[in-house]
Protein chains: 2
Amino acid sequence: MALIVHKYGGTSMGSTDRIKNVAARVAKWHDAGYQIVVVPSAMSGETNRLIGLAKQIMDQPDPRELDMIASTGEQVSVGLLAMALLAIGKQAVSYAGWQVAIKTDSSFTKARIQSIDDAKVRADLDAGKIVIITGFQGVDDEDNIATLGRGGSDTSAVAIAAAMKADECLIYTDVDGVYTTDPRVVEEARRLKTITFEEMLELASLGSKVLQSRSVEFAGNYRVPTRVLSSLTDPLMPLEEEASSGTLISFEEDTKMEQAVISGIAFNRDEAKITILGVPDKPGVAYHILGPVADANIEVDMIIQNQSVEGKTDFTFTVSRGEYQKAMGVLEGVKTEIGAASVSGDAKVSKVSVVGVGMRSHVGVASQMFRTLSEEGINILMISTSEIKISVLIDEKYMELAVRALHKAFDLEKE
Amino acid sequence: MALIVHKYGGTSMGSTDRIKNVAARVAKWHDAGYQIVVVPSAMSGETNRLIGLAKQIMDQPDPRELDMIASTGEQVSVGLLAMALLAIGKQAVSYAGWQVAIKTDSSFTKARIQSIDDAKVRADLDAGKIVIITGFQGVDDEDNIATLGRGGSDTSAVAIAAAMKADECLIYTDVDGVYTTDPRVVEEARRLKTITFEEMLELASLGSKVLQSRSVEFAGNYRVPTRVLSSLTDPLMPLEEEASSGTLISFEEDTKMEQAVISGIAFNRDEAKITILGVPDKPGVAYHILGPVADANIEVDMIIQNQSVEGKTDFTFTVSRGEYQKAMGVLEGVKTEIGAASVSGDAKVSKVSVVGVGMRSHVGVASQMFRTLSEEGINILMISTSEIKISVLIDEKYMELAVRALHKAFDLEKE
């Protein structure tokens, strides 16, 4: 019997009426003969409420105790969903992560799943029950609750699907799939029927909020067929139609060969650029600059070091805007220490990226991208590349223009 | 080193500021050299909110799933209190019932504690930590969360104190102790410095809301010295003064011998009386009347069966007012079945009880009680007695009058 894992986000679980909708949808799949495991998030707003309470008590909440608190949102969700299924005559049972057990390491608030013991879940499924498991959390070797971090329920769902060798993991969310770019920016943006997990990974880590990037890594590592689809459709729509809707994250690269070179365009408004000028070019300079930044718990995105001229070089990197002021403060100290000339920054920059596995076998993607931006008069501040993506940093005021121009230049509106 | 268990109710935990107050009080005790285990309730209103969500989904929520949901309120409380202690430099750690583990049976929503494994808690205490444990809940043999029912955190605290052989269990609440009667009804009501656990049991089960009756049973069975005291005092008040405040539930009956015959007067407005008249007096009649009532999950309080006259008898019992209509419905069916003449009821009655272990060795308490009520012109509708209490059912409009008259007749205002 085919096993399907459903994951529902906080918006889908946002009220008791919506939870009843989720139950109707899950029941439809069960009626059609599938074994179903459901992984719901906390009701929307609940995790923020809990973290808010914690912050009223400690500015920097103790991570173990924060996990104790934050994990309760999902526990409420699973109980409510189990009841909604029981109320319509289905057999259902809910479990918290520790009850399954989903074992994690002890990195509270950002734990990683180590193993899943599915014996109890398997027995329930075989007895005809729908099993509902808390997302976002597990338990360490000392029986402490540990959460996986924001968006962790996606990872829970994919990890459970992997551990149980599920036939497919369906991520129900408030968008109806993965688009070539954000339809709010480019009207012609088109939903992708399939995307490779590598492309999805780049899109996820580039700020496209559809799926948490760790869940995509998991899907990739364990080859879990994962589909992103809408939870806003009629829960009683025909199952065949629903089962082929959304976007499938695939592992069959061959099927991509006939498709476009570029799959999508991602962008991130939340960037700030910092440059440290006139740095004496000695071994270890990157470490001396970025070490203190990392120590201050600031995440760095793009990094560029210029060619050295007369023993001096410039060093530029980007951080998220929320950490810009803090990073500038750290750099002022670093400047004196390493004898650099000055530090300058710009918090009004954005990143635009083109992503596609087709890039591997097609030359000219970069030059096409740069030509398009040049024709629009957009100056490129930084460039960073990986095997399947090219990112540029530009003035934030040109961001929408750049995305629209690139979407058109790469013919993304066409199937 | 002396071990003290503190229990704080929902009002004491009602906001993050109040939780900081609790932390300050707990820290004071720890600073004074005590080992401290704290058992907090959910923040006030939280358990009702969670049950409300469940009832939006199922009119009669599934008990196992309800416990999954309802238990989260305490989990949030323990995490917040641990943080509040960490924030003021104390070592603290929180545990959910299953982490300790507190083992219960599988009677979801009204589980009973079976055993407590205190190894982990003991190790933490010996390492200098303050340990915070969720009230109201435990875990059954199949790792299902089970709650103890409303007010169950009192029971958790006393059970933990018993299991760990604590020197005293302090129940902090929003009243400053146990009174001879409700001060809102009798101005002269006096706080008792000590009360025996048997008296406390009668007062608790008679509707005095200070302590849940199961917690008193536990205190009695395991001889846990338990003190009820106020959480509304200044948390930094001198410890010696705080340690002797409130009311101590004692097991030293000898000390009571010199005290009053009657310790207090309890009352319960929430009563309704049902009489089934002209019942053919055959063996099993009580069962045929009360069986269907119990099957409808209605709790019966007082029961009287009259002397049979000409093979017919009358049968009277009381239920809480909320179940009056339901019980009347059940009785209409029973009437036909057993061939009784008629069913009548009165939902405007109240119960007044005098309680005291001194009653055992003093005759005349009943006659004193009945004379007092007679002098006030109050008609007694039903009487029920136990070894240390006498309860009468009267018209609700005389309730306050009866309580005041009895309080005076038994000299309860005098120390």
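The values are calculated or read from the model by the stated rules, or taken from the named source; none is laboratory data. From a predicted model like this one, the values you see are computed outputs, not experimental measurements. Quick reminder, even Gly has a Cβ in these numbers, built from the backbone with ideal geometry, and neighbours come from all protein chains shown. Keep in mind that these areas ignore ligands, DNA and RNA; they rest on the heavy atoms of the full protein, side chains included. Shrake-Rupley method; radii C 1.70, N 1.55, O 1.52, S 1.80 Å.
Exactly one residue out of A:47, A:11 is assigned to a helix (DSSP H, G or I), modelled with pLDDT under 95 and within 26 Å of the chain's Cα centre (by Cα): that is A:47.
Scanning the range B:287-308 for residues that are open to solvent by less than 50 Å² (accessible area, probe 1.4 Å) and under 15 Å from residue B:270 (Cβ atoms) yields B:298, B:300, B:302.
Taking the listed residues B:284, B:311, B:364, B:358, the one that is closer than 20 Å to residue B:181 by Cβ, at pLDDT below 90 and either open to solvent by 20 Å² or more (accessible area, probe 1.4 Å) or within 23 Å of the chain's Cα centre (by Cα) (or both) is B:358, with no other qualifying. Comparison of B:90, B:120 shows that the only residue that is part of a helix (DSSP H, G or I) and within 12 Å of chain A (Cβ to nearest Cβ) is B:120.
From B:261, B:210, which residue is touching a His at 6+ places or on another chain (Cβ under 8 Å) and within 30 Å of residue B:411 (Cβ to Cβ)?
Values: B:210 fails: touching a His at 6+ places or on another chain (Cβ under 8 Å).
Of the residues listed, the single one that is touching a His at 6+ places or on another chain (Cβ under 8 Å) and within 30 Å of residue B:411 (Cβ to Cβ) is B:261.
Residue B:336 meets each of the listed conditions (1) in a helix (DSSP H, G or I); (2) surrounded by 12 or more Cβ atoms within 10 Å (Cβ to Cβ) apart from (2). Can you find, within the range A:146-180, the residue that is most open to solvent (accessible area, probe 1.4 Å) among those that are of a type in the set (S, T, N, Q) and touching a Gly at 6+ places or on another chain (Cβ under 6 Å)? Out of the qualifying residues, it is A:173. Checking the range B:268-278 against the condition returns a match, with at least one residue being of a type in the set (Ser, Thr, Tyr) and either in the same structural domain as residue B:188 (by TED's automatic domain parsing) or open to solvent by less than 40 Å² (accessible area, probe 1.4 Å) (or both). Just to be sure, is residue B:84 in contact with a strand residue (DSSP E or B) (Cβ under 9 Å, 6 or more places away or on another chain), within 20 Å of residue B:8 (Cβ to Cβ), aliphatic (A, V, I, L, M) and at the interface with chain A (Cβ under 8 Å from one of its Cβ atoms)? Answer is yes for this residue.
Among the residues of the range B:14-44, the one identified as surrounded by fewer than 17 Cβ atoms within 10 Å (Cβ to Cβ), within 13 Å of chain A (Cβ to nearest Cβ) and not in a helix (DSSP H, G or I) is B:15.
Of the residues making up the range A:324-333, those that are within 24 Å of residue A:269 (Cα to Cα) and either surrounded by fewer than 18 Cβ atoms within 10 Å (Cβ to Cβ) or outside the structural domain of residue A:268 (by TED's automatic domain parsing) (or both) number 4. Residues that are at pLDDT 80 or above, among the β-branched types (Val, Ile, Thr), in a loop (DSSP other than H, G, I, E, B) and under 15 Å from residue A:265 (Cα atoms) within the range A:183-224 comprise A:185, A:186, listed in sequence order.
Consider residue A:136 carefully, then state whether it is of a type in the set (Phe, Trp, Tyr), in contact with a strand residue (DSSP E or B) (Cβ under 8 Å, 6 or more places away or on another chain) and away from chain B (no Cβ under 12 Å). Steps first, answer last, please.
Values: of a type in the set (Phe, Trp, Tyr): yes; in contact with a strand residue (DSSP E or B) (Cβ under 8 Å, 6 or more places away or on another chain): yes; away from chain B (no Cβ under 12 Å): yes.
So residue A:136 fits the description; yes.
The selection criterion, being of a type in the set (Gly, Ala, Ser) and within 14 Å of another protein chain (Cβ to nearest Cβ), does not hold for residue B:157. Each residue in the range A:76-96 was checked for being of a type outside the set (A, V, I, L, M, F, W, C) and either in contact (Cβ under 8 Å) with a residue 60 or more places away in the chain or open to solvent by less than 10 Å² (accessible area, probe 1.4 Å) (or both), and 4 of them qualify. Here residue A:109 meets the list (1) at pLDDT 95 or above; (2) within 13 Å of chain B (Cβ to nearest Cβ) almost entirely, failing just condition (1).
Considering only residues that are open to solvent by 10 Å² or more (accessible area, probe 1.4 Å) and either facing chain A (nearest Cβ under 9 Å) or among the β-branched types (Val, Ile, Thr) (or both), look in the range B:56-75 and name the one that is nearest to residue A:70 (Cα to Cα).
B:66
Within the range A:373-415, being closer than 18 Å to residue A:264 by Cβ, out of contact with any strand residue (DSSP E or B) (no Cβ under 8 Å at 6 or more places or on another chain) and assigned to a helix (DSSP H, G or I) holds for A:400, A:401, A:404, A:405, A:408, A:409. The residue that is nearest to residue A:83 (Cα to Cα), among those in the range B:45-54 that are of a type outside the set (Gly, Ala, Ser) and more than 9 Å from chain A (Cβ to nearest Cβ), is B:51. Checked against the criterion of being in contact with an Asp or Glu (Cβ under 9 Å, 6 or more places away or on another chain) and more than 23 Å from residue B:230 (Cα to Cα), the range B:36-54 has at least one qualifying residue.
Whenever a residue of the range B:356-372 is within 16 Å of residue B:265 (Cβ to Cβ), its partners that are among the basic types (Lys, Arg), lying with C-beta atoms within less than 6 angstrom and at least six residues away or across chains, give the pairs B:357/B:256. Going by the structure shown, is residue B:395 touching a Lys or Arg at 6+ places or on another chain (Cβ under 6 Å), at pLDDT 90 or above and either open to solvent by 40 Å² or more (accessible area, probe 1.4 Å) or acidic (Asp, Glu) (or both)? In short, no.
Considering only the range B:145-163, I want to know if a residue exists there that is charged (D, E, K, R) and not in a helix (DSSP H, G or I). Don't jump to the end; show me each part of the working.
At the first step, the residues of the range B:145-163 found to be charged (D, E, K, R) are B:150, B:154.
Keeping just the survivors that are not in a helix (DSSP H, G or I) gives B:150.
Within the range B:145-163, one or more residues are charged (D, E, K, R) and not in a helix (DSSP H, G or I).
Checking A:386, A:342 one by one, the residue that is under 23 Å from residue A:179 (Cβ atoms) and either surrounded by fewer than 16 Cβ atoms within 10 Å (Cβ to Cβ) or of a type in the set (S, T, N, Q) (or both) is A:386 and no other. In the set (1) more than 13 Å from chain B (Cβ to nearest Cβ); (2) without any contact (Cβ under 8 Å) to a residue 40 or more places away in the chain; (3) part of a helix (DSSP H, G or I), the condition left unmet by residue A:128 is number (3). Pairs linking a residue in the range A:404-415 that is within 12 Å of residue A:371 (Cβ to Cβ) and in contact (Cβ under 8 Å) with a residue 12 or more places away in the chain to a residue that is assigned to a helix (DSSP H, G or I) and open to solvent by 40 Å² or more (accessible area, probe 1.4 Å), with Cβ atoms under 7 Å and 6 or more positions apart or on different chains, are A:409/A:368. With respect to the conditions (1) in a loop (DSSP other than H, G, I, E, B); (2) in the same structural domain as residue A:172 (by TED's automatic domain parsing); (3) free of Cβ contacts under 8 Å to residues at least 12 places away in the same chain, residue A:245 lacks only one, and its number is (3).
Here is a check on your reading of the model: is residue A:306 over 17 Å from residue A:349 (Cα atoms), touching a strand residue (DSSP E or B) at 6+ places or on another chain (Cβ under 6 Å), at pLDDT below 90 and not β-branched (Val, Ile, Thr)?
yes
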